[in-house]
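Heads up: the structure comes next, in structure tokens.
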Amino acid sequence: LMDRLPIHLRDADLYGVSSEDHYVRVHTSHGDHMLLMRLADVDDLARPLSGLSPHRSWWVTEGGVDRVTKQKGKSVLILKDGTEVPVSRTGARTLKDAGWLI
């Protein structure tokens, strides 16, 4: 996945990936970039990093999460770059099973 990014982003830490129509936005420690690809392909391309999908339009790495907060009764992941990632009900169960949420 990182090989598909511009050179200045390739050595950055990967925080997460969000889908936007037919593109994905890759969020890193050095900024973000749009790529033409499916979110479904991210998990395989991001190896050896492991990550989870807290929402159908997101995939995040555990190391990219700064903190978990609650907004209006729903969990929200805050990435290290300040990006807020929604957590769906299904995503909350996935994150709980993985030990990301208490």
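The values are calculated or read from the model by the stated rules, or taken from the named source; none is laboratory data. The structure presented is a predicted model; accordingly, all values stated were derived computationally and were not measured. Here the Cβ positions follow ideal geometry from the backbone for every residue, glycine too, while neighbour counts run over all protein chains shown. Quick note on the areas: whole protein, heavy atoms, side chains included, nothing else; ligands and nucleic acids left out. Shrake-Rupley method; radii C 1.70, N 1.55, O 1.52, S 1.80 Å.
Explain nothing, just the number: dipole magnitude of the chain about its Cα centre with +1 on each Lys and Arg Cβ and -1 on each Asp and Glu Cβ, in debye rounded to the nearest 20.
So the magnitude is around 540 debye.
Percent of accessible area on the chain owned by carbon and sulfur, 1.4 Å probe?
Exposed carbon and sulfur together represent 47 percent of the surface.
Where q = 0.11, 0.19, 0.22 Å⁻¹, what log10 of I(q)/I(0) comes from the Debye formula for the chain, counting one point per Cα?
Result of the Debye calculation: -0.30, -0.89, -1.17.
Count the net charge of all other residues whose Cβ sits under 12 Å from the Cβ of SER19, scoring Lys and Arg as +1 and Asp and Glu as -1.
Residues near SER19 contribute 0 overall.
How large are Rg and Dmax for the range 43-98 when calculated on the C-alpha trace, in angstrom?
Every Cα atom of the range 43-98 included, Rg and Dmax give 10.9, 35 Å.
Would you be so kind as to identify which of VAL60, SER88, PRO6 lies farthest towards the positive end of the dipole of the chain, taking Lys and Arg as +1 and Asp and Glu as -1 on Cβ and the Cα centre as origin?
It is SER88, whose Cα lies furthest towards the positive end.
Could you please report the charge total around LEU52, scoring K, R as +1 and D, E as -1 over all other residues with beta-carbon less than 10 angstrom from its beta-carbon?
-3
How large is the helix-only mean residue ellipticity at 222 nm for the chain, computed as the sum of -39500 (n - 2.57) over DSSP H runs with n ≥ 4, divided by its residue count, in deg cm²/dmol to the nearest 500?
-3000 deg cm²/dmol
Net charge around LYS96, counting only other residues with Cβ within less than 15 Å of its Cβ (Lys, Arg = +1; Asp, Glu = -1)?
+2
Which whole-number value in Å² is the accessible area per residue of the chain, probe 1.4 Å?
Heavy-atom SASA per residue in the chain reads 63 Å².
Sticking with the crude label model, points 7 Å out along Cα→Cβ, report the distance from VAL68 to TYR23 in nm, one decimal please.
Here the modelled spin labels are 3.1 nm apart.
Within the range 29-43, find all residues whose amide N lies under 20 Å from a label point positioned 7 Å from the Cα of ASP3 along Cα-to-beta-carbon.
Answer for the range 29-43: 33-43.
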